[in-house]
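The values are calculated or read from the model by the stated rules, or taken from the named source; none is laboratory data. The shown structure was predicted, so the numbers you read here are calculated from the model rather than taken from an experiment. When we count neighbours, we look across all protein chains shown, and the Cβ atoms used for this are built from the backbone with ideal geometry, even at glycine. Heads up: the accessible areas ignore ligands, DNA and RNA and are worked out on the full protein's heavy atoms, side chains in. Shrake-Rupley method; radii C 1.70, N 1.55, O 1.52, S 1.80 Å.
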Amino acid sequence: MFRYGEVEFVWLGHDGFRVKAPGLTLYFDPYEIGGGEPADLILVSHSHFDHLSPGDIAKVSTSETVVVTTPQGKPQLSKVKLKEVLTVKPGERLTVKGVEINAIPAYNVNKFRAPGQVFHPKEEGGVGFLVNLAGVKIYHAGDTDNIPEMEGLQPDVALIPVSGTYVMTAEEAAEALKRIRPKVAIPMHYGAIVGSRRDAERFSQLAPKEVKVVILEKEA
């Protein structure tokens, strides 16, 4: 667990986090979780199974939970008991339960499933999320490479994929920090589908000195 101001960060494995502020519990991309505290708000970066998992979302949802995801993801949540499912496209902004949400593009430029076909095409509309929670600016990058849209985001805390194959390598993620310019960076997207703690450690070694890197232990 890591605390920044009044906000508490717990890594749930892969790209999943539980983020708590006074009066609100927020989840990012819960996947293969055992359960947990009821969610007020769940943000889902894109429709791939390891990010949008209806079974895992159901584990922490109530009739008051709101999910924000991409238009492709909404149909997958039709059977989950929720208050509402809102959709967002790259570049859009909305405020939900007092949380300001800015959808940042998330896509690949050099991670290919076949010649000329990246795993996360820009046109599919995957997103990262820039949110303001209890005065803390948080950036969850989603599944992405180092892209121009990261320039100058300047969050307090950035949650950054580091495992390569489908997302940035540790080297690319460290270079992306020069664009993002966070105060704190927490590596993610390792230990489940691809990558290991070694990727997180490599990222920490390469990160700009002015960025504090925090490697979290997965919640048991």
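The table for this structure:
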| read-out | value |
| --- | --- |
| The stretch 21-101 - Debye-derived log10 I(q)/I(0), Cα point model, q = 0.12 Å⁻¹ | -0.29 |
| Per-residue HN-Hα couplings for the stretch 51-62 [Karplus 6.51, -1.76, 1.60; θ = phi - 60°; Hz; x = Gly/Pro] | 10, 9, 10, x, x, 6, 4, 4, 5, 10, 9, 10 |
| Model label zone, Glu32; criterion: amide N under 13 Å from point 7 Å along Cα-to-beta-carbon; scope the stretch 176-212 | 189-197 |
| Simple Cβ-charge dipole of the chain, Lys/Arg +1 and Asp/Glu -1, about Cα centre, in debye nearest 20 | 100 |
| Accessible area of Tyr31 in the full protein assembly, 1.4 Å probe (Å², nearest 10) | 30 |
| Lys79/Glu217 FRET efficiency (R0 25 Å; Cβ-Cβ; nearest 0.05) | 0.15 |
| Of Arg113, Arg181, Arg197, the one that fluctuates the most in a GNM where the chain has Cα springs shorter than 10 Å | Arg113 |
| Paramagnetic reach from Arg198 (point 7 Å along Cα→Cβ, amide N under 19 Å) across the stretch 162-179 | 162-174 |
| Over 21 Å (Cα to Cα) - which of Lys89/Lys122; Lys20/Lys79; Lys122/Lys212; Lys59/Lys218; Lys137/Lys212; Lys137/Lys178 fall in this group | Lys20/Lys79; Lys122/Lys212 |
